[in-house]
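Colleague: Below is the structure I would like to discuss, written out as structure tokens.
Just so it is clear, none of the values below were taken in a lab; they were calculated from the coordinates. Bear in mind the structure is a predicted one, so any value in this text is a computation, not a measurement. Note that we place each Cβ from the backbone using ideal geometry, even for glycine, and neighbour counts take in every protein chain shown.
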Amino acid sequence: MQLRDIQQAFADLLLNSTQINDHPLFSTKSQVLFERVEIYRNNRAAIWSNTLGNAFPVLRRLVGNEFFSYLAQEYGLAFPSTTGNLNLFGERFAEFLLHEKSVSSYPYFSSIAELEWLLHLAYYERDQEVLGIAEFLSTSADDPGGFCLKVHPTLHFFSSEYAAVDIFYAHQYAVVPELQVSITTPCYAIVHRPQWKSLVTRVSEIDFLILQALSSGNTLETSIEVGLKRDANFPIAASLQSWFDAGFFVGACCKD
């Protein structure tokens, strides 16, 4: 057998949990081989469960450790890892949960996983100095509306038809408080890491749309117009201050 075939056969052996009778790779007796391979299988199962558990702690708390371990094994079989970087192992977990029959009664699980994955990604993004509002105003002179704002590299947009942000917040406490909104309450949030810790900042739908417009390279004036079309009384000054205070931006430039 070629080395590649041997490696593939051994991988198949680890992923197949059925009893071993005879295997062309080994001369060991079946029972001894089974016991030895089980050690590798258990290690693989633990790695999958622990890796996903580190990336999705709220989801693990929602379903419990035992069932989460089951989901991790099913996910690993459905979406085999294509890289040696375990930090990327859970990139399709939200997609998996969306179609997993065992959690079909909990459609919001996929949204929770999506939110937690964005937090996971933000944690590993590169650091960058944030732009303060005073610095921006001094740079933009008399025409701040004509400037484009560069969003922080850790910033991600999250929206859901479910109350995923409220569920996420509730599970940060030792004793989970009763949810104060309906599960089917839509939510909007910005996931970012202005310093060392990834954060979820809840925003309004209009805030969300304006920030999306800014992230697409539109000027501040054009982006704000997106919000004013939805609400002519949108508090522009207060929102700008809150965005800069949160560390959403890292630079500004005048659009020619």
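Colleague: Of the peptides 212-224, 165-177, how do they stack up when ordered by the mean number of other Cβ atoms within 10 Å, highest first?
Modeller: Per-residue Cβ counts within 10 Å, averaged per peptide and sorted highest first, yield 212-224, 165-177.
Colleague: Are there any trypsin sites (Lys or Arg not before Pro) in the stretch 176-256 that are in a DSSP loop and have at most 14 other Cβ atoms within 10 Å? List them by number.
Modeller: Listed in order of number, the matching sites are Lys197, Lys255.
Colleague: Which label belongs to the value computed from this structure, given these candidates for semi-axes √(5λ) of the Cα gyration tensor in Å: (i) 38, 22, 16; (ii) 47, 21, 14; (iii) 32, 24, 17?
Modeller: (ii)
Colleague: Calculate the dipole size of the chain relative to its Cα centre from +1 charges on Lys and Arg beta carbons and -1 charges on Asp and Glu beta carbons; express the result in debye to the nearest 20.
Modeller: Its charge dipole is roughly 760 debye.
Colleague: Mind checking which aspartates and glutamates have their Cα closer than 16 Å to the Cα of Lys197? Skip sequence neighbours fewer than 8 apart in that chain.
Modeller: Partners found: Glu116, Glu125, Asp127, Glu129, Asp245.
Colleague: Lys and Arg at +1, Asp and Glu at -1: add these up for the other residues within a Cβ distance under 15 Å of Ile133 and post the number. Write out the running numbers ahead of the final one.
Modeller: On the way: positive: Lys150; negative: Glu129, Glu135, Asp245.
Every neighbour counted, the sum reads -2.
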